[in-house]
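Novice: One structure, as structure tokens, below. Some questions next.
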Amino acid sequence: MNKLALFAGIALLALPLSASAQEVTLKMGHAASSKHVFHQGLEIFARKVAEKTNGNVAVEVYGDRQLGDDKQLLEGLQIGLIDGALVSTATLPLVIGASSFDALQQPFVIGSYQQLSDALTSDMGAELLATLDAKSIKGLGFVEAGQRHFLSREKDVKSVADFAGLKTRIVPIPLHKAIWEAIGVNPIGMAYGEVYSALETGTIDAVEINLSSIQSESLYNAAKKVTMTGHYFWPGAIMMSGAAWDRLSDADKAAFEEAGRETTAEAYALAASQEADTLAFLEANGVTINKLEDLDNMRSLTEPVVVMWAAKDPMIAAFDDAFAKGE
């Protein structure tokens, strides 16, 4: 399906908004499986919106790339053909030039789910979301998919030397390319929806990914070796199109912003609580869980990338400094 046809179909789904007391229905999509924590997080947001608007606004959640992948969702938001979306923040710098969001992908900078949750529910998180205003997008909050680890088809990766030359799927953005080249893999940019078949056929040897996606996308059927690296987290941003946002009443806008902040805190707690159960599920399905014996070496290899990216954007430097201080 071409892009124009996709957007035309989405436009037929969207209902006009109203600032009156009449009921409004918004359709919000994401690119992950409907079994993924992103879907759960967006459903939390939908429930909170309904509660805080006294039923004036209903949010319908569409997973499984029904409204498009991350790139299509972002493009639809910018031109007002999609009401809202939850999009992986890693794609924002590349697709819409929102470079400040690279702050959330700095390797080994963020120490814990709680530390990131605290930052994203603070003024810093609000400032980061506000950078989307210039892109005709309203940022409202975050949902966490989980720390990223390493999934290999066949090879047990137990040391940094084991990464060497592995054809590894990455999100095709400059930051990730720099990180994984420093580690020593052969990075291959590839759409998320193509990962399963690429692992199954051997087009790629591995993927850096969160445990929740290994489970929800059934990647454990195509690759059986996980290495726990925890190199960075994977937030998704809850967003509305600027056009949809402008047509909400002031009271509903305030309700949406409050819902976004509360969803962020709950979604981070949810993601953290699922890690152990997800690991147990993967082991029960024949996945070997390895630890990286020289994780400090991996950290050292990626440190120059952190320094380089902090110089690219004041927001990135501010986040790095805050996390370094344990704020």
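Novice: Please give the number of the condition Arg247 fails out of (1) modelled with pLDDT under 95; (2) not assigned by TED's automatic domain parsing to the domain that holds Gly139.
Specialist: For Arg247, the exception is condition (2).
Novice: Restricting attention to region 147-157, which residues are more than 22 Å from Gln106 (Cα to Cα) and either in contact with a Cys (Cβ under 8 Å, 6 or more places away or on another chain) or among the basic types (Lys, Arg) (or both)?
Specialist: Listed by number, the residues that qualify are Arg153, Lys155.
Novice: Condition first: within 12 Å of Pro107 (Cβ to Cβ) and in contact with a His (Cβ under 8 Å, 6 or more places away or on another chain). Now tell me which residues in region 218-236 satisfy that. Spell out the reasoning first.
Specialist: Initially, region 218-236 is screened for residues within 12 Å of Pro107 (Cβ to Cβ), giving 229-233.
Result: Thr229, Gly230, His231.
Novice: Being among the β-branched types (Val, Ile, Thr), in the same structural domain as Ser241 (by TED's automatic domain parsing) and farther than 26 Å from Gly63 by Cα narrows it down to one residue among Ile110, Ile137; which is it? Quick ask: steps written out before the conclusion?
Specialist: Values: Ile137 fails: farther than 26 Å from Gly63 by Cα.
Result of the check over Ile110, Ile137: Ile110.
Novice: Those residues that are closer than 15 Å to Leu270 by Cβ, surrounded by fewer than 21 Cβ atoms within 10 Å (Cβ to Cβ) and at pLDDT 95 or above, I need them from region 15-39; list them, please.
Specialist: His39
Novice: Further question: Test each condition in (1) farther than 29 Å from Asn297 by Cα; (2) surrounded by 20 or more Cβ atoms within 10 Å (Cβ to Cβ); (3) of a type outside the set (S, T, N, Q) for Asp102 and report the one that comes out false.
Specialist: With respect to (1) farther than 29 Å from Asn297 by Cα; (2) surrounded by 20 or more Cβ atoms within 10 Å (Cβ to Cβ); (3) of a type outside the set (S, T, N, Q), Asp102 is out only on (1).
Novice: Please verify whether Lys225 is surrounded by fewer than 18 Cβ atoms within 10 Å (Cβ to Cβ), touching a strand residue (DSSP E or B) at 6+ places or on another chain (Cβ under 9 Å) and among the basic types (Lys, Arg), treating the condition exactly as stated. Don't jump to the end; show me each part of the working.
Specialist: Details: surrounded by fewer than 18 Cβ atoms within 10 Å (Cβ to Cβ): no; touching a strand residue (DSSP E or B) at 6+ places or on another chain (Cβ under 9 Å): yes; among the basic types (Lys, Arg): yes.
No; evaluated as a whole, the condition is false for this residue.
Novice: Sticking with this structure for a sec: Sort out which residues of region 24-71 are assigned to a strand (DSSP E or B) and under 14 Å from Gly193 (Cβ atoms), and write them in order of number. Show your work before the answer.
Specialist: As a first pass, look at region 24-71 and keep what is assigned to a strand (DSSP E or B): 24-30, 57-62.
Result: Gly29, His30.
Novice: Restricted to region 271-312, and to residues that are crowded, with 18+ Cβ neighbours inside 10 Å and of a type in the set (Ser, Thr, Tyr), which residue is nearest to Ser99 (Cα to Cα)?
Specialist: Thr302
Novice: Taking Gly9 as the residue in question, decide whether it is assigned by TED's automatic domain parsing to the domain that holds Arg247, out of contact with any strand residue (DSSP E or B) (no Cβ under 8 Å at 6 or more places or on another chain) and either at pLDDT below 95 or of a type outside the set (Val, Ile, Thr) (or both). Quick ask: steps written out before the conclusion?
Specialist: Working: assigned by TED's automatic domain parsing to the domain that holds Arg247: yes; out of contact with any strand residue (DSSP E or B) (no Cβ under 8 Å at 6 or more places or on another chain): yes; either at pLDDT below 95 or of a type outside the set (Val, Ile, Thr) (or both): yes.
Spelling it out, Gly9 is indeed assigned by TED's automatic domain parsing to the domain that holds Arg247, out of contact with any strand residue (DSSP E or B) (no Cβ under 8 Å at 6 or more places or on another chain) and either at pLDDT below 95 or of a type outside the set (Val, Ile, Thr) (or both).
Novice: Also, I was wondering about something else. If Asp118 satisfies all but one of (1) surrounded by fewer than 23 Cβ atoms within 10 Å (Cβ to Cβ); (2) in contact with a Lys or Arg (Cβ under 8 Å, 6 or more places away or on another chain); (3) charged (D, E, K, R), what's the number of the condition it fails?
Specialist: Answer for Asp118: the failing condition is (2).
Novice: Enumerate the strands (runs of 3 or more DSSP E) found wholly within region 217-314, keeping only those where 3 or more residues are over 27 Å from Ala198 (Cα atoms) and touching a residue at least 40 places away in the same chain (Cβ under 8 Å).
Specialist: Working: elements: 225-228, 235-241, 288-291.
By residue number, 235-241.
Novice: Does at least one position in region 64-76 carry a residue that is surrounded by fewer than 20 Cβ atoms within 10 Å (Cβ to Cβ), on the phi > 0 side of the Ramachandran plot and not assigned by TED's automatic domain parsing to the domain that holds Ile214?
Specialist: yes
Novice: A follow-up question, please. Within region 271-304, can you find the residues that are over 30 Å from Leu42 (Cα atoms), β-branched (Val, Ile, Thr) and in contact with an Asp or Glu (Cβ under 9 Å, 6 or more places away or on another chain)? Even if it seems obvious, please write down each step before you answer.
Specialist: First, the residues of region 271-304 that are over 30 Å from Leu42 (Cα atoms): 286, 288, 290-304.
Cutting the leftovers down to β-branched (Val, Ile, Thr) gives us 288, 302.
If the condition is that a residue be over 30 Å from Leu42 (Cα atoms), β-branched (Val, Ile, Thr) and in contact with an Asp or Glu (Cβ under 9 Å, 6 or more places away or on another chain), then Thr288 is the only one that fits.
Novice: Among what's in region 131-165 and is over 24 Å from the mean Cα position of the chain (by Cα) and farther than 19 Å from Val287 by Cα, pick the residue that is surrounded by the most Cβ atoms within 10 Å (Cβ to Cβ).
Specialist: Val160
Novice: Got a number for residues in region 184-199 being surrounded by 18 or more Cβ atoms within 10 Å (Cβ to Cβ) and polar (S, T, N, Q)?
Specialist: The number of residues fulfilling the criteria is 0.
Novice: Find the residue count for region 91-130, including only residues that are in contact with a Ser or Thr (Cβ under 8 Å, 6 or more places away or on another chain) and without any contact (Cβ under 8 Å) to a residue 40 or more places away in the chain. Write out each step before concluding.
Specialist: At the first step, the residues of region 91-130 found to be in contact with a Ser or Thr (Cβ under 8 Å, 6 or more places away or on another chain) are 93, 98, 100-101, 104-105, 107-108, 117, 120-121, 125, 128.
Still in the list and also without any contact (Cβ under 8 Å) to a residue 40 or more places away in the chain: 98.
Residues in region 91-130 being in contact with a Ser or Thr (Cβ under 8 Å, 6 or more places away or on another chain) and without any contact (Cβ under 8 Å) to a residue 40 or more places away in the chain: 1 in total.
The values are calculated or read from the model by the stated rules, or taken from the named source; none is laboratory data. A quick note: this is a predicted structure, and the numbers were derived from the prediction, not measured. Every residue, glycine as well, gets a Cβ built from its backbone with ideal geometry; the counts of neighbours run over all protein chains shown.
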